[in-house]
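**Student:** Right, I'll just put the structure down here and ask away after.
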Amino acid sequence: EVQLQASGGGLVQAGGSLRLSCVASGFTFDDYRIGWFRQAPGKEREGVSCLSSSDTSTYYADSVKGRFTISSDSAKNTVFLQMNSLKPEDTAVYYCAVDLPPFGSWPVRLWEYDYWGQGTLVTVSS
């Protein structure tokens, strides 16, 4: 019954901003780790960012540091990814995923996530 719904993608010009949302349901939203991944055509799935609810620890891939920010709204069971200064290289389908206890490593590895959303497409034009 755990479900993740990613939304907020769209078409934006280089230098613009988008905010992605991941609405979660089916688990208690107080002890979890949620990550954002992206996959561009012809590329492997890449970890972008993740957030731990227990200590508010965050992780960012080098390619997005200083431009993307992960945050959460516990009242809405939602995790956000604010994306600023977007580049054409950011074009990809963005997925959110959740890791529930017991937890393993930090940052959470791709294969450790328990559930995945369907993704939302972000297209950045030149």
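The values are calculated or read from the model by the stated rules, or taken from the named source; none is laboratory data. What you see is a predicted model; the values in this text were computed from it and never measured. Cβ sites come from the backbone with ideal geometry, for glycine too, and all protein chains shown count toward neighbours. Areas reflect the complete protein model, heavy atoms only, side chains present, ligands, DNA and RNA absent. Shrake-Rupley method; radii C 1.70, N 1.55, O 1.52, S 1.80 Å.
**Student:** Amide H to amide H under 5 Å from residue 119: which residues, 5+ apart in sequence or cross-chain, H placed 1.01 Å off N in plane?
**Tutor:** Under 5 Å from the amide H of residue 119 lie the amide H atoms of 6, 96, each far enough along the sequence or on another chain.
**Student:** So how much slack lies between residue 56 and residue 106, counting 0.36 nm per residue of separation and subtracting their Cα-Cα distance, in nm?
**Tutor:** Working: separation 50, 0.36 × 50 = 18.00 nm, distance 1.22 nm.
So the extension gain works out to 16.8 nm.
**Student:** Same structure, new question: Residue-wise, which Karplus ³J(HN,Hα) couplings in Hz belong to the range 98-110, taking 6.51 cos²θ - 1.76 cosθ + 1.60, θ = phi - 60°, and x for glycine or proline?
**Tutor:** Taking θ as phi minus 60°, the curve returns 10, 10, 9, x, x, 8, x, 7, 10, x, 4, 7, 3 Hz for the range 98-110.
**Student:** Also, I was wondering about something else. What three numbers, in Å, describe the spread of the alpha carbons of the range 62-126 along their principal axes, ordered from the longest?
**Tutor:** Taking max minus min along each principal axis of the Cα atoms, the range 62-126 gives 43, 28, 24 Å.
**Student:** Please report the accessible area of residue 96 (heavy atoms, 1.4 Å probe, ligands and nucleic acids excluded) in Å², nearest 10.
**Tutor:** For residue 96, solvent-accessible area is about 0 Å².
**Student:** I would also like to ask the following. What ³J(HN,Hα) values, in whole Hz, does the Karplus curve 6.51 cos²θ - 1.76 cosθ + 1.60 give for the range 73-88 when θ = phi - 60°, with x put for Gly and Pro?
**Tutor:** My calculation for the range 73-88 gives 10, 5, 5, 10, 6, 10, 10, 10, 10, 7, 10, 10, 6, 5, 10, x Hz in order.
**Student:** Also, quick follow-up: If the chain between residue 87 and residue 63 were fully stretched, how many nm would it gain, using 0.36 nm times the residue separation less the Cα-Cα distance?
**Tutor:** 7.6 nm
**Student:** Let me ask another. So which residue, out of 85, 52, 21, gets the largest mean-square fluctuation from a GNM of the chain using Cα contacts under 10 Å as springs?
**Tutor:** Ranking 85, 52, 21 by mean-square fluctuation puts 85 first.
**Student:** Could you work out Rg/(2.2 N^0.38 Å) for the chain, with Rg from alpha carbons only?
**Tutor:** After normalising by residue count via 2.2 N^0.38 Å, the value is 0.99.
**Student:** Starting from 0.36 nm per residue, how many nanometres of slack lie between residue 1 and residue 116 once their C-alpha separation is accounted for?
**Tutor:** Separation in residues times 0.36 nm, less the Cα-Cα distance, equals 40.2 nm.
**Student:** Excluding ligands, DNA and RNA, what is the solvent-accessible area per residue of the chain at a probe of 1.4 Å, expressed in Å²?
**Tutor:** Solvent-accessible surface per residue comes out at 52 Å².
**Student:** Okay, moving on. What part of the accessible area of the chain, given as a whole %, is carbon or sulfur when the probe is 1.4 angstrom?
**Tutor:** On the chain, the fraction of accessible area on carbon and sulfur atoms equals 46 percent.
**Student:** To continue, here is another question. Output needed: Cys residues of the chain lacking any neighbouring Cys C-beta below 4.7 Å, sorted by number.
**Tutor:** 50
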